[in-house]
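Worksheet: one structure, shown below.
The values are calculated or read from the model by the stated rules, or taken from the named source; none is laboratory data. The structure presented is a predicted model; accordingly, all values stated were derived computationally and were not measured. Heads up, the Cβs are rebuilt from the backbone with ideal geometry, glycines too, and the neighbour counts pull from every protein chain shown. With ligands, DNA and RNA removed, areas are computed over all heavy atoms of the protein, side chains included. Shrake-Rupley method; radii C 1.70, N 1.55, O 1.52, S 1.80 Å.
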Amino acid sequence: MASEADYRLPRTVIPSHYDLTLTPDLDATGFGGHVVIDIDVHEAVSDIVLNTAELTLHSASVFNDAGQRLSASIETDEEAERSTLTLPGAIEPGAWKLEISFDGILNDDLRGFYRSVYTDPDGNEKTIATTQFEATEARRAFPCWDEPDLKATFGITLVVDDGLTVISNGPEAERAPAGDGKVAVRFADTMKMSTYLVAFIVGELEVTETVDVDGIPLRIAYPPGKGDLTAFALDIAAHSLRYYAQYYDIPYPGGKMDKIAIPDFAWGAMENLGAVTYRETALLVDVNKATQTEMMRVAEVIAHEIAHMWFGDLVTMKWWNGIWLNEAFATFASMKCVDAWRPEWKVWLTFSSDRAHSMETDALASTRPIEFPVASPEEANAMFDSLTYEKGASVLRMLEQYLGEEAFRLGVSNYLKEHAYGNTDGDDLWSALEAASGEPVMEIMKTWIFQGGFPRVGVDGEPGGYRITQEQFRYLGEGDRQWKLPILLRSADGEQRILLSDDKVTVDAGSDLVVNAGGDGYYRVAYSADLQSDIRSRLSTLTGEERYNIVSDAWADVLKGGSRAADYLALVDEFGAESEVDVWQKVLAGLGELDRIASSDSRPSLQRFVRTLVGAKAGEMGWEPSEGEDDRSRKLRGTLITALGNLGDDAEVQRISRQVRERVESGETGLDPEVADAALSVVAANGDFDDFERFLALSDASQTPQEVVKYLRAAATVPDAGAAEKLFRMVLDGGVRRQDSFWVVALMLGSRENGPRVWDMVKENWDELLEQIPPATGRRILDLLPYRSEPEVAADIEAWLADHPIKGGEKYADQQIELMKVRVGLRSREATSL
């Protein structure tokens with residue numbers, strides 16, 4: 001088995017500065033390069049080893065200020081992604097420079113230095129050259145020491161056709177003619193940082209006017225014609241820069257802040273210092289047409305990436321096993337930032353669904369610790385999952401609420417100040433938080449970081465108080481792990497906090513007890529029958545987060561087999577007057593899962609239940625928003641319409657939804673985006689091949705990134721076999737952008753109607769399909785695999801994936817297969833009993 005040492009470079013030679021010049025050829029999809037690297041030689045060496053991938057090295061030499069220059073022979077190991085430069089003799093320790101000439105390709109894999117294509121307003125196809133280096137892809141653009149703890153400064157020059165927009169990490173420092181209609185654009189040196197944060201973007205892009213944010217120049221670059229979609233992003237970006245400078249008590253560490261919308265992008269965004277790249281849907285938005293979910297997505301991603309400028313860029317993990325803390329903290333921080341910007345959005349309530357999503361995976365035997373040993377690049381990329389982002393952020397939020405927000409903030413600030421421009425591991429942060437709070441943070445966090453899973457807290461009344469216990473929660477089988485568990489309580493006697501270190505504790509509290517008060521704990525709660533009845537009698541006195549958790553915990557117990565679907569239906573029947581959209585979404589998520597496994601005889605009864613449950617609240621809200629209605633109320637209306645039309649199979653809602661869509665597609669303006677979006681969902685879920693064709697045409701013609709995606713998503717949702725086959729073929733033929741291919745396939749694979757046939761097509765075209773999906777997202781075609789709970793199909797899927805592993809996706813496949821088995825069990829217990 002490979003170890004970390006197999007992928008680490010020798011420490012005999014260490015870089016301190018890169019002077020890099022690149023000449024990209026957008027037509028020939030290649031580039032030439034020249035780099036001079038300042039290196040510190042720590043012991044006499046004749047071999048210098050560094051990372052390269054998909055590069056051809058033409059010459060290499062070392063020289064020093066004493067006038068010595070030695071040429072090196074070059075040997076490249078493509079599989080190891082390394083080049084060894086062998087000198088004719090050993091060079092002595094000290095300061096040297098390494099000079100290399102090379103060239104490379106602009107690939108189509110959405111990693112390294114790659115090409116992205118868009119069509120301009122005049123119908124002309126244009127090419128952009130852009131970068132995505134995390135985790136280990138900088139080596140595809142220039143020879144380097146491509147490890148996060150080998151930080152250096154970077155001076156970047158790009159030689160490009162005059163007239164093209166050119167962006168890199170630093171501010172532009174100089175622009176000079178370079179002959180043949182080209183210019184050499186030199187950028188100011190960066191701060192000391194890791195190679196994965198280097199970025200350069202070249203192409204016909206437009207740029208907003210610069211916004212001065214307390215001395216920091218802020219701009220957005222975008223494909224031509226989309227300037228009207230930038231105002232929202234500029235607003236949240238300016239807020240984020242100010243918010244974090246105050247929260248961390250450290251000025252922004254870069255010289256400027258550019259945000260660049262890239263037409264083809266594998267992830268949501270990338271935190272390159274001063275030059276953050278984004279998928280278009282995560283940066284550009286029309287606030288007059290977007291739903292609240294779409295706007296929140298843009299706000300949270302922008303806030304997430306700007307949080308990284310300090311936590312990740314200024315202070316960086318030592319190795320990839322620590323990447324979780326970068327991403328978890330940025331996720332946590334983005335919630336705080338957006339909550340300060342739009343408190344009426346209740347982002348922590350919305351985050352409840354993210355926490356519940358990570359708990360799905362974490363309730364499996366195949367879960368993993370948040371932090372685990374990482375060796376290869378594939379293992380590093382596999383860490384970008386719900387446990388890293390969502391569980392990590394949830395645990396940080398739980399800790400913050402236990403320690404107190406100011407003690408937590410002070411600890412984070414001290415940690416960043418102490419380790420600025422350096423590299424750390426998690427213990428460095430826990431030590432800082434412990435010093436600021438006086439609490440045993442190190443002891444607590446080691447139980448959360450280095451073992452997978454989470455507890456379920458049992459609550460029973462006993463004379464003089466309550467007995468609180470913990471046991472590991474698992475869907476299949478039992479677990480024996482325990483945690484140092486911070487618990488917040490509320491009762492008639494007030495609020496209190498405890499640290500449950502053993503399997504049980506007795507607490508003295510008053511009546512009306514709420515365990516996990518505030519709802520931020522990363523654990524489930526099981527009240528005794530009497531206490532459960534009591535808390536259900538006072539649902540209206542609980543916060544939205546607490547009500548969400550009541551429903552979430554109940555549904556998790558159904559999946560485990562601890563209670564029946566009938567018990568869940570009895571519980572959610574009490575939520576008909578619920579006012580929080582997130583709680584409704586959790587209620588409906590459980591009902592949606594039951595709809596997927598219900599037999600044809602049971603399904604009409606479930607649909608009647610949904611119509612009864614949802615009908616009164618939906619009727620109260622109607623189809624039109626009232627004057628001054630808030631964003632969350634509008635979102636609730638759309639959620640209820642969708643539920644009635646799809647889960648409830650309400651013919652009248654389906655009829656009105658088609659009328660709404662006809663108005664939208666005829667160009668009528670002023671329609672509420674939430675209603676228009678809900679109507680689209682209803683029409684798509686009940687649509688035919690003609691609807692599918694129309695949605696594809698609308699996607700192609702759409703002017704905003706969100707509409708492009710939502711119409712493509714609608715097309716993938718149409719329950720027509722011919723539509724699924726055509727769309728699958730479009731993925732194989734390149735008719736769907738590679739960045740979108742994984743989720744289109746995943747959505748069709750999860751379809752109740754088309755999923756089994758789509759699985760057959762996936763098998764029949766396995767190799768061709770994976771070639772069409774960027775390597776970083778190949779495993780994501782399995783996102784909705786658990787919905788394939790038909791026993792025969794599930795068995796076939798498990799056998800196939802055992803023989804056809806997805807590189808870097810082996811652990812994810814194991815988890816999705818186990819979740820699929822959980823749903824097979826649900827089907828066997830409940831399909832005919834509803």
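For Arg481, the criteria (1) assigned to a loop (DSSP other than H, G, I, E, B); (2) open to solvent by less than 70 Å² (accessible area, probe 1.4 Å); (3) modelled with pLDDT of 95 or more hold in every case but one, which is (2). Restricting attention to the stretch 175-230, the residues being of a type in the set (A, V, I, L, M, F, W, C), out of contact with any helix residue (DSSP H, G or I) (no Cβ under 8 Å at 6 or more places or on another chain) and part of a loop (DSSP other than H, G, I, E, B) number 4.
Condition check ((1) at pLDDT below 95; (2) polar (S, T, N, Q); (3) part of a loop (DSSP other than H, G, I, E, B)) across all residues:
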site: Asp38; (1), (2), (3): no, no, no
site: Val49; (1), (2), (3): no, no, no
site: Thr56; (1), (2), (3): no, yes, no
site: Gly67; (1), (2), (3): yes, no, yes
site: Leu70; (1), (2), (3): no, no, no
site: Thr84; (1), (2), (3): no, yes, no
site: Ile100; (1), (2), (3): no, no, no
site: Phe113; (1), (2), (3): no, no, no
site: Asp122; (1), (2), (3): yes, no, yes
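Tallying residues that are in contact with a helix residue (DSSP H, G or I) (Cβ under 7 Å, 6 or more places away or on another chain) and either part of a strand (DSSP E or B) or open to solvent by 10 Å² or more (accessible area, probe 1.4 Å) (or both) within the stretch 137-161 yields 1. Residues in the stretch 776-796 that are of a type outside the set (A, V, I, L, M), part of a helix (DSSP H, G or I) and under 25 Å from Gly592 (Cβ atoms): Thr777, Arg779, Arg780, Pro786, Tyr787, Pro791, Glu792, Asp796.
Identification of helices (runs of 4 or more DSSP H) wholly contained in the stretch 592-668 with 3 or more residues that are touching a helix residue (DSSP H, G or I) at 6+ places or on another chain (Cβ under 6 Å) and of a type outside the set (A, V, I, L, M, F, W, C) yields 631-645, 651-665.
Conditions tested, residue by residue: (1) part of a helix (DSSP H, G or I); (2) among the acidic types (Asp, Glu).
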site	(1), (2)
Ala678	yes, no
Ser681	yes, no
Gly687	no, no
Glu693	yes, yes
Leu698	yes, no
Ala714	yes, no
Ala723	yes, no
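Listed here are the residues, each with its yes/no results for (1) farther than 20 Å from Arg713 by Cα; (2) surrounded by 22 or more Cβ atoms within 10 Å (Cβ to Cβ); (3) charged (D, E, K, R).
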{"site": "Gly615", "(1), (2), (3)": "yes, no, no"}
{"site": "Pro625", "(1), (2), (3)": "yes, no, no"}
{"site": "Leu640", "(1), (2), (3)": "no, yes, no"}
{"site": "Leu644", "(1), (2), (3)": "no, yes, no"}
{"site": "Asp650", "(1), (2), (3)": "yes, yes, yes"}
{"site": "Ile656", "(1), (2), (3)": "yes, no, no"}
{"site": "Leu680", "(1), (2), (3)": "no, yes, no"}
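The set of residues in the stretch 737-779 that are more than 25 Å from Arg279 (Cα to Cα) and either aliphatic (A, V, I, L, M) or free of Cβ contacts under 8 Å to residues at least 12 places away in the same chain (or both) comprises Val758, Asp760, Met761, Val762, Glu764, Asp767. For the stretch 501-588, list the helices (runs of 4 or more DSSP H) that sit wholly inside it and hold at least 1 residues that are closer than 25 Å to Leu387 by Cα and among the polar types (S, T, N, Q); which are they? Fully inside the stretch 501-588 and qualifying: 544-560. Looking across the stretch 388-432 at every residue that is in a helix (DSSP H, G or I), touching a helix residue (DSSP H, G or I) at 6+ places or on another chain (Cβ under 8 Å) and of a type in the set (D, E, K, R), the one that is most open to solvent (accessible area, probe 1.4 Å) is identified as Glu418. Residues that are in a helix (DSSP H, G or I), of a type in the set (A, V, I, L, M, F, W, C) and open to solvent by 10 Å² or more (accessible area, probe 1.4 Å) within the stretch 373-387 comprise just one, Ala382. Checking each residue of the stretch 737-745 against the condition of being in a loop (DSSP other than H, G, I, E, B) and either hydrophobic (A, V, I, L, M, F, W, C) or out of contact with any Lys or Arg (no Cβ under 7 Å at 6 or more places or on another chain) (or both) gives at least one match. Taking each residue of the stretch 581-604 that is closer than 20 Å to Ala685 by Cα and looking for partners that are part of a helix (DSSP H, G or I) and open to solvent by 30 Å² or more (accessible area, probe 1.4 Å) with beta-carbon atoms closer than 8 Å, six or more apart or interchain, yields Gln585/Ser353; Lys586/Ser353; Leu591/Phe609; Asp595/Arg603; Arg596/Tyr787; Ile597/Arg827. Which ones in the stretch 231-265 are closer than 24 Å to Tyr114 by Cα and either open to solvent by less than 10 Å² (accessible area, probe 1.4 Å) or among the aromatic types (Phe, Trp, Tyr) (or both)? Answer for the stretch 231-265, where residues must be closer than 24 Å to Tyr114 by Cα and either open to solvent by less than 10 Å² (accessible area, probe 1.4 Å) or among the aromatic types (Phe, Trp, Tyr) (or both): Met257, Asp258, Lys259, Ile260, Ala261, Ile262, Pro263, Phe265.
Among residues of the stretch 67-108 being charged (D, E, K, R) and out of contact with any strand residue (DSSP E or B) (no Cβ under 9 Å at 6 or more places or on another chain), the one that is surrounded by the fewest Cβ atoms within 10 Å (Cβ to Cβ) is Glu79.
Contact map, the stretch 441-470: residues that are assigned to a helix (DSSP H, G or I) paired with residues that are surrounded by 16 or more Cβ atoms within 10 Å (Cβ to Cβ) and charged (D, E, K, R), Cβ distance under 7 Å, separation 6+ or inter-chain. Pairs shown: Val441/Glu434; Met442/Glu434; Glu443/Lys484; Ile444/Lys484; Thr447/Lys484; Ile449/Glu371. Selection within the stretch 627-638: residues that are in contact (Cβ under 8 Å) with a residue 40 or more places away in the chain and open to solvent by 40 Å² or more (accessible area, probe 1.4 Å). The member of this set that is farthest from Arg596 (Cα to Cα) is Asp630. Look at the stretch 653-667: where a residue is farther than 17 Å from Ala685 by Cβ, no partner that is aromatic (Phe, Trp, Tyr) sits 6+ places away or on another chain with Cβ atoms under 6 Å. On the stretch given as the stretch 702-740, residues that are surrounded by fewer than 24 Cβ atoms within 10 Å (Cβ to Cβ), under 18 Å from the mean Cα position of the chain (by Cα) and not charged (D, E, K, R) total 2.
Candidates in the stretch 484-500 are the residues that are closer than 22 Å to Leu542 by Cα and assigned to a loop (DSSP other than H, G, I, E, B); of these, the one that is least open to solvent (accessible area, probe 1.4 Å) is Ala492.
Scanning the stretch 561-574 finds no residues that are of a type outside the set (A, V, I, L, M, F, W, C), open to solvent by 60 Å² or more (accessible area, probe 1.4 Å) and farther than 25 Å from Glu593 by Cα. Just one of the listed residues (Leu531, Leu476, Leu489, Leu513) is within 22 Å of Val441 (Cβ to Cβ) and in contact (Cβ under 8 Å) with a residue 12 or more places away in the chain, namely Leu489. Of the residues Thr21, Thr29, Thr56, Thr52, the single one that is closer than 30 Å to Phe187 by Cβ and open to solvent by 60 Å² or more (accessible area, probe 1.4 Å) is Thr56. Filtered by the rule that a residue be open to solvent by 50 Å² or more (accessible area, probe 1.4 Å) and either at pLDDT below 95 or in a loop (DSSP other than H, G, I, E, B) (or both), the stretch 797-809 gives His804, Pro805, Lys807.
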